[in-house]
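The structure appears below as structure tokens.
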Amino acid sequence: MNLTTKNKYVHIPIKGINRRWVISFLLITLCGICSIWAQTKSTIDLRAQSYKLDSRKADVNSETVVIVTDDRLESKQSITLKKGISEAVNGERQVADMIFTVNVRQAGHYLIHTYAVTDEEGAALMKKAKTKFESLFMRMQIGENRATKRVVYVPWNRPKQQTGIFYLDSGEQDIRVWLPRGVRLEYMEIQPYVPPRVPQAAADYEPRVKPPASRPRLWVNAESLPLVRENLLKDENRTTWEKLKKEAIVPFGFSFNSEEEISYNVDLEKAVEKKAFYYLMTGEKEIGREAIDLTVSYLANVEFGNLLDITRELGRAIYTASLVYDWTYDLLTTAEKETMIKNLMRLAMDMEIGWPPFRTKILNGHGNEAMVNRDFLAMSIAIYDEDPIPYQYVSYAILEELVPMRKFEYQSPRHNQGIGYGAYRFAWEMHAAWLYYRMTGEMVFDDNLKNLSDFWLYMRTPGGEMLRDGDGFTSGRPDQPYYWKSPLVMFLMYTYSKDPIVKGEFLRHGNLNNPVLYLLLNDPDLQAEPSLQSLPLTKDFGPILGSMVARTGWNIGPDSDDVVAEIKGGGYHFGNHQHADAGSLQIYYRGFQVGDIGLYRFYGTPYDMGFNKRSVAHSMMLAVDPKELFYRSEVNDGGTRFNQRAPVSPQQIQSDPWFHNGSVLATDVGPTKEKPFYSYFSVDLKSAYTDKVKHYVRDFCFLNLDRQDVPAAIILIDNIETKNEEIAKYWQINTHHLPEVTDDGFVIHNKLGGRVGKTYVTILNPDSQSYTKEVWSDSLATNVFGVALEVPETNYPEGKGHRLMVSYKKPNKNNQFVTVFQMVDGNKSPLPLTRTTNEEGEVINIGANTIVFAAQHPVKKPFSILVEHEGITKVVLMGLKEGKWEIRKAGHIIQNIDVRGKEHTGYTEMTEPGNYFVTPK
């Protein structure tokens, strides 16, 4: 390949002779004026693999653009539109702002990038931008091909943009560019496109599960087709089917100009999907032919550009066309099959994961979304008879990489990417599970896949929104709760697991907005269970993503007075949208009392990497080592390690300490499992931090007090040791409203449905003379130890949150924090609270409840308890070693306790005050 920049003049398309020289001659001779193009000559050395087209050496339209100096750029110069000149990115001006001429030695696919920055005008536009659709676009035309609109700058600081993959003919051709306002373009870069390398294991792979010889194959096969047809007429499905029939038979108007770029058309895609499904159900050929004709024309002319995550829209087109291919297979001509396959593979090349689909892993990130799990899998199944290689590659990624990893991960029934991204990505895994199952009758994923619905059930707050987890958009406005919904994941989960409770949850989420998928999978014979009351109140999520959610009830709505709390830590860290939040605490009572105050707007900004994803935005322990550096951030918040690297196998994640996120030491609920009085969770968090932390255990005990005035209490115990005393340790919780600072802690508050809930935070250790209390509010909340980070514009309360920090006055390697949280109804009073010590640790009395814990556990030696309360006292013994224990009073055994492994907890009820002795057998 050889690219050369040359002098250019006004370009107006004229067939026949050399047009640009003709127009140049006319302008100079007839008008007697100089060329509007700058006369800069240069040749670009193309012996390397990347070819930079410096905009200073392009032929520029001196009437519309100007070269400006910019110290941010390597070359210090760039091209931008003149002041007062309107942009022409939609074809308003035929003459380009700049032209590169390239001489291509070998025709083929080439990758083009741009490098640009914004001026003041562009920076202001980007600051106001709320979505990717507010990116800045340029117009570009290669040779005589259709012009295309491409993103040249996005609403976050990323000057280099991938413009796209383009086919360049051999020989000389122009690349014309029309700039948007607000952008300064330094250069374009061209390099030969190299497709992703196929792993040798994938090249040699023989899929153990293959498509049948018969049709259909997507979502339904010859055996299940009669059942789907039968279900159309049952009560739950009939209305949807009747509506779809009426829509499917209406002709879809579609016209286009082949000389103009066609953007993706969601309405067309939905129409052809319905028409193909209608043909599959009824056999009416006229409707089937219309679906084919529309799809063939659409695929041949649609362009998707380079908008962020456009691969999602692009993939939808691939998926829809694959449905048409499979469901109308008997109507397709050989020429139509060839045309569709050609364009499907053309589009596949532009997918973010590339084709073959190995540019990124299927396990995390965008590669774990629809690209492989739905789009490429559907395509490969549909065209398997004509080309089996795509199915070979896709099945390798799913069956040999994804399935084993999820078998390991889903031992903990929650998603590592959090509420929002977790639901989105898991829905695509469910597509893969369903597509294989409906095609072959075999469930290729482990059965633990069916338990993931517990994550979204238990993270539900009493107000209807969700506890925060990972990046997402789950915030509610003050006193305006809403019911967070993801109907697609709940629908796929209910139909796959045949769980009536999950079907009830799906019905609360509302319309699926996908009538074809609904009619393919909905089971009208399964009766939904509308209530969650049969579920246990506490969920221990197991060892892979260690966490516990405890609640006082399953009442959900604006009138709910339930309390829900989450403690997190232990297991593994999977990167990407997972936050550095091991050990974090959340409490919801009539609104968020304790929780996260980060906002997710755009991925990778200084605020996102320095605050939102970091420990400081969560309610957890910070240990600030001034020498510590964090990934992609100048901020040192003192939190846990920052991992953005995803593991590639169960073997790697277990063997590489980088992914270790602490170890769950003990979990238990009791005395009953369904409605426990106490829920206990203990976690060793040392490995979540760097070697600055030598020892750190956090103990959490949630008490369901079954009272209206004080419905719940939490005991939180932190024992932490750092490698030296200069590492400052901060016990931190975050809240949405300005707290009241008291002598022994804080009072925080929120409200739901006009009813105020308060949380009394009492610091029992250290004593009030030994610590300092700080409250960092509003913009100061995002000032992280001297580094100020700008909060995105928002109406959400997280944007004006408050950080409550407690630290010892005297530096020491070892610190202990003992804190009690009491959730209190409005202006009611908290329960009496006292603290004493015994031989092994401390005793906390909250009203008629006593919690005993040890400084070091598991406890192996005898200890005593002084009970002062008259009447029944509920006693929780935390951190006992496994085995049998005796409780004695006045020398008499009054109870035997059997402490089981991994629970390390005992429970008893004392009927009278006095001294009690707890002794291991």
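Nothing in this text is a laboratory measurement; each read-out follows from the coordinates by a stated rule. Just so it is clear, the model here is predicted, and its values are computed rather than measured. With ideal geometry, Cβ positions are generated from the backbone for all residues, glycine too; neighbour counts draw on all protein chains shown.
Details
- Of every Cα-Cα pair in region 690-825, the percent that sits beyond 27 Å: 28
- Simple Cβ-charge dipole of the chain, Lys/Arg +1 and Asp/Glu -1, about Cα centre, in debye nearest 20: 1300
- Scaled against 2.2 N^0.38 Å for its residue count N, the alpha carbon radius of gyration of region 238-317 is 1.20.
- Summed side-chain charge close to PRO647 - residues other than PRO647 whose Cβ falls under 13 Å, Lys, Arg +1, Asp, Glu -1: 0
- Shape of region 216-353, Cα gyration tensor, a/c cut at 1.5: prolate
- Region 540-831, relative contact order [Cα under 8 Å, separation at least 6], %: 20
- Region 540-831: C-alpha pair distances exceeding 34 Å, %: 16
- D by Stokes-Einstein for region 284-361, Kirkwood Rh over Cα pairs, 37 °C, 0.692 mPa s: 249 µm²/s.
- Residue order for LEU622, LEU831, fewest other beta carbons within 10 angstrom first, comes to LEU831, LEU622.
- The chain, helix-only ellipticity at 222 nm - DSSP H runs n ≥ 4, -39,500 (n - 2.57), divided by all residues, nearest 500: -6500 deg cm²/dmol
- In this entry, region 328-402 is assigned a mean projected area of 4.7 nm², taken as a quarter of its C-alpha convex hull surface.
- Taking every alpha-carbon pair under 8 Å whose residues sit at least 6 apart, the chain reaches a relative contact order of 7 percent.
- Chain lengthening between ASN514 and LYS813 when straightened (0.36 nm per residue, less Cα-Cα): 101.8 nm
- Bridge type composition, the chain - antiparallel percent by DSSP, nearest 5: 95
- Computed over every Cα-Cα pair of the chain and binned at 20 Å starting from 0, the pair-distance distribution P(r) comes out as 13, 38, 33, 14, 2, 0 percent.
- Value of Rg/Rh across region 128-170 [Cα atoms, Kirkwood radius]: 1.06
- Region 206-448 - Rg and Dmax from Cα coordinates, angstrom: 17.9, 54
- The angle between the Cα long axis of helix 285-301 and the main principal axis of the chain comes to about 80°, on a 0 to 90 degree scale.
- Alpha-carbon spread of region 166-281, three principal axes, descending order, Å: 63, 45, 29
- Centroid-to-centroid, using Cα positions, region 649-690 and region 99-142 are 47 Å apart.
- A full extension of the chain between LYS675 and SER829 corresponds to an added length of 52.9 nm, given 0.36 nm per residue minus the alpha carbon distance.
- Among 104-117, 569-582, the order from most to least packed when residues are scored by Cβ within 10 Å on average: 569-582, 104-117
- Stokes-Einstein diffusion of region 647-712 at 37 °C, 0.692 mPa s viscosity, Kirkwood radius from Cα pairs, rounded to a whole number: 229 µm²/s.
- Cα centroid separation, region 293-307 to region 524-585: 43 Å.
- With the convex hull constructed from alpha-carbon coordinates only, region 832-921 shows a mean projected area of 5.1 nm² over all directions.
- Largest first, the extents of the alpha carbon coordinates of region 352-500 on the three principal axes equal 57, 33, 25 Å.
- For the chain, the longest principal axis of the C-alpha atoms and the axis of helix 487-497 are separated by about 70°.
- Two-decimal log10 I(q)/I(0) for region 242-285, as the Debye equation yields it once each C-alpha is a single scatterer, q = 0.14, 0.27 Å⁻¹: -0.40, -0.97
- Cross-link pairs beyond the 26 Å C-alpha cut-off, checked among LYS673/LYS881; LYS337/LYS498; LYS450/LYS539; LYS692/LYS860: LYS337/LYS498; LYS692/LYS860
- Cα long-axis angle, helix 235-248 against the chain (0 to 90 degrees, to the nearest 10): 20
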